[in-house]
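Novice: Let me begin by handing over the structure; questions about it come next.
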Amino acid sequence: MGRRILAEREARALALEDPLTGLPNRRQFDEALAHAVAAPPRAGASHAVLALDLNGFKKVNDVYGHLAGDEVLAQVALRLRQAVREGDLVARLGGDEFAVLATHIASSEAATGVARRIIEALEPPVLSSQGEHQVGAAIGIALSPQDGGVDEILRKADIALYRAKGGTSALCFFEPAMDAQVRERDHLERELRAAIGTPAMRPFYQPLVDLKSGTIIGFEALARWTHATLGEIPPDRFITIADDCGLIAPLTDDLLRQACAEAATWPRHLSLSFNVSPAQLRDMGLGLRLMGILAETGLAPQRLEIELTESALVRDLDAARHILGGIRDAGVRIALDDFGTGYSSLYHLRNFKLDKIKIDRSFIEAMAHDPESAAIVKALVGLGEGLSLAVTAEGVEDAEQRAMLIAQGCQEAQGFLFSRAVPAAEIPALLAAPVQARTA
Ligand code: G
Ligand code: G
Ligand code: MN
């Protein structure tokens, strides 16, 4: 064979093949898919596209290095190829994303069968030169012709994959309703991007109260987004979106700047509590930006308290330790939010030198009629005393709860009994109101 022909053949292979795994690449996958869709299956049968994404692959790269990551990908490629039928195409689309084209599948059950075989094939740990790695997979499935044409089908398998990753089942079929949801989410994401830095996005403030005296000791900033046509969008929803799409840092900086500037105008004994989302505890720049905002707004670090959930700490202990250590040294306090719903581990209380626990409102709500919840609240108050941690009861809604908490020695609380979160303009009135309003 001539040199030129060899070189051409090699160039073509390179253009269609992923060099790391030897699998077909996206281009070859697209060609094969177009080819398959052009030759429709028998009546009742389908071509199935399975979009696949590894779980925990980023961790392999981060912890064991890219070489180990490469080895794992090569092993996974091998297992995928063994798990599918002769004639099915396994491609690597990039990173830890793979796709399978299984043609002439008799039924959706048969597509499920293919997906299950793949999931099972990836269950045993994968070996690299650095050790064993557990990498499962999530799979989204779309079918041709049911789910649309060539340019629709992989996108729809991806939508189903996204659902599978967020859900409890590792495998998920595309459904038309998902398309609408994805569009709605995409719309919200764009609107969120536009809202950051405008008056539509601002913190409200809910007071923290000294239970016995009824005096206000600080405020928790709670994000509020008022959309011109969609109305109030709940923070749970837009914080999740911001976390997912890389907007959490600009959103937090904006809210924190507003809240710190506001808090700097309050009487000096009042503190500001601010929620930091789980995704942010991997953001190594967080500490510096936070210190910058304090300096810029003139709020003393001692007046700021950061609220975290335990799941955030646990996800990446070292990163959390690094980020929190720095701001804590500067005098910022750290509180563990929603305590009792996550790991509730004493290890984290000790290891992170936390300043406060906030007892989740589910315990406060249940306390009056459920002796076990009451016992847990009591135990947490005792724990706080023993470890010199402040304890705040969240979600106090009535006088009975308030009385029980006082009887158990709890000192601080928050909840609708005292006030909802209010806009900054209403804070002076709250501060001026007689304490009886919060002790009756
Ligand atoms: O404010 P509530 O009204 O609905 O808030 C719901 C959830 O959203 C709570 O868990 C709260 O911690 C979270 N949240 C509210 N404001 C913020 C914020 O500014 N940043 C982050 N990360 N979470 C917030
Ligand atoms: O997770 P985090 O503790 O940051 O959440 C604060 C959330 O609790 C906000 O959604 C706030 O509106 C809500 N909240 C504050 N006080 C009460 C209360 O007394 N009852 C209820 N049900 N929710 C409350
Ligand atoms: Mn909170």
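The values are calculated or read from the model by the stated rules, or taken from the named source; none is laboratory data. Bear in mind the structure is a predicted one, so any value in this text is a computation, not a measurement. Neighbour counts run over all protein chains shown; Cβ positions are idealised from the backbone, glycine included. Please note that ligands, DNA and RNA were not included when accessible areas were found on the heavy atoms of the full protein model with its side chains. Shrake-Rupley method; radii C 1.70, N 1.55, O 1.52, S 1.80 Å.
Novice: In contact with a strand residue (DSSP E or B) (Cβ under 7 Å, 6 or more places away or on another chain), open to solvent by less than 40 Å² (accessible area, probe 1.4 Å) and in a helix (DSSP H, G or I) - does that describe any residue in the range 62-73?
Specialist: yes
Novice: When residues of the range 74-116 are filtered for being part of a loop (DSSP other than H, G, I, E, B) and either under 29 Å from the mean Cα position of the chain (by Cα) or within 15 Å of Ala51 (Cβ to Cβ) (or both), how many remain? Before you say what the answer is, go through the steps one by one.
Specialist: Taking the range 74-116 and keeping what is part of a loop (DSSP other than H, G, I, E, B), we get 84-88, 95-96, 106-107.
Now narrow it down to the ones that are either under 29 Å from the mean Cα position of the chain (by Cα) or within 15 Å of Ala51 (Cβ to Cβ) (or both): 84, 88, 95-96.
Looking only at that region, the number is 4.
Novice: Looking at the range 360-373, is at least one residue of a type in the set (Asp, Glu), surrounded by 14 or more Cβ atoms within 10 Å (Cβ to Cβ) and either in contact (Cβ under 8 Å) with a residue 40 or more places away in the chain or more than 16 Å from ligand 1 (Cβ to nearest atom) (or both)?
Specialist: No, the range 360-373 has no match at all.
Novice: When you scan the range 311-333, how many residues do you find that are at pLDDT below 95 and either within 13 Å of ligand 1 (Cβ to nearest atom) or in a strand (DSSP E or B) (or both)?
Specialist: Residues flagged as at pLDDT below 95 and either within 13 Å of ligand 1 (Cβ to nearest atom) or in a strand (DSSP E or B) (or both) within the range 311-333 amount to 2.
Novice: What single numbered condition from (1) touching a helix residue (DSSP H, G or I) at 6+ places or on another chain (Cβ under 8 Å); (2) surrounded by 14 or more Cβ atoms within 10 Å (Cβ to Cβ) fails to hold for Gly149?
Specialist: For Gly149, the failing item is (2).
Novice: May I pose another question? Scan the range 234-281 for residues that are touching a Ser or Thr at 6+ places or on another chain (Cβ under 8 Å), hydrophobic (A, V, I, L, M, F, W, C) and within 16 Å of ligand 2 (Cβ to nearest atom) and jot them down.
Specialist: Hits for the range 234-281 are Ile239, Ala242, Ile248, Val276.
Novice: For the range 410-431, does any single residue satisfy the condition of being under 18 Å from Glu220 (Cβ atoms), in contact (Cβ under 8 Å) with a residue 40 or more places away in the chain, of a type in the set (Val, Ile, Thr) and surrounded by 13 or more Cβ atoms within 10 Å (Cβ to Cβ)?
Specialist: Checked against the condition, which is being under 18 Å from Glu220 (Cβ atoms), in contact (Cβ under 8 Å) with a residue 40 or more places away in the chain, of a type in the set (Val, Ile, Thr) and surrounded by 13 or more Cβ atoms within 10 Å (Cβ to Cβ), the range 410-431 yields at least one hit.
Novice: Scan the range 344-352 and give yes if some residue there is modelled with pLDDT of 95 or more and either more than 24 Å from Gln436 (Cα to Cα) or touching a Lys or Arg at 6+ places or on another chain (Cβ under 7 Å) (or both), otherwise no.
Specialist: no
Novice: Listed residues Arg193, Arg224; which is more than 16 Å from ligand 3 (Cβ to nearest atom), within 27 Å of Ala312 (Cα to Cα) and basic (Lys, Arg)?
Specialist: Exactly one residue qualifies, and that residue is Arg193.
Novice: Here's another thing I want to ask about it. Name the single residue, out of those in the range 174-226 being assigned to a strand (DSSP E or B) and of a type in the set (D, E, K, R), that is farthest from ligand 1 (Cβ to nearest atom).
Specialist: Only one residue tops the list, namely Asp210.
Novice: Another one. Modelled with pLDDT of 95 or more and open to solvent by less than 80 Å² (accessible area, probe 1.4 Å), is that true of Ala106?
Specialist: Considered against the rule, which asks whether it is modelled with pLDDT of 95 or more and open to solvent by less than 80 Å² (accessible area, probe 1.4 Å), Ala106 comes out as no.
Novice: For residues that are farther than 21 Å from Met404 by Cβ and surrounded by 22 or more Cβ atoms within 10 Å (Cβ to Cβ), scanning just the range 336-353, find the one that is farthest from ligand 3 (Cβ to nearest atom). Write out each step before concluding.
Specialist: Residues of the range 336-353 that are farther than 21 Å from Met404 by Cβ, as a first pass: 336-337, 342-343, 345-353.
If we keep only those that are surrounded by 22 or more Cβ atoms within 10 Å (Cβ to Cβ) too, we end up with 336-337.
Details: Leu336: 10, Asp337: 4 Å.
Here the residue is Leu336.
Novice: Any residue at all in the range 216-232 that's within 14 Å of ligand 2 (Cβ to nearest atom), touching a residue at least 40 places away in the same chain (Cβ under 8 Å) and closer than 17 Å to Asp186 by Cβ?
Specialist: No, there is no match, as no residue in the range 216-232 is within 14 Å of ligand 2 (Cβ to nearest atom), touching a residue at least 40 places away in the same chain (Cβ under 8 Å) and closer than 17 Å to Asp186 by Cβ.
Novice: While we're looking at this one, here's another question. Of the conditions (1) surrounded by fewer than 16 Cβ atoms within 10 Å (Cβ to Cβ); (2) more than 21 Å from Lys358 (Cα to Cα), Arg193 fails just one. Which one is it?
Specialist: Condition not satisfied by Arg193: (1).
Novice: Is it true that Arg289 is under 23 Å from the mean Cα position of the chain (by Cα), among the basic types (Lys, Arg) and under 23 Å from Leu389 (Cβ atoms)?
Specialist: In short, no.
Novice: Something else: Kindly indicate whether Ala295 is open to solvent by less than 50 Å² (accessible area, probe 1.4 Å) and under 28 Å from Asp329 (Cα atoms).
Specialist: No; evaluated as a whole, the condition is false for this residue.
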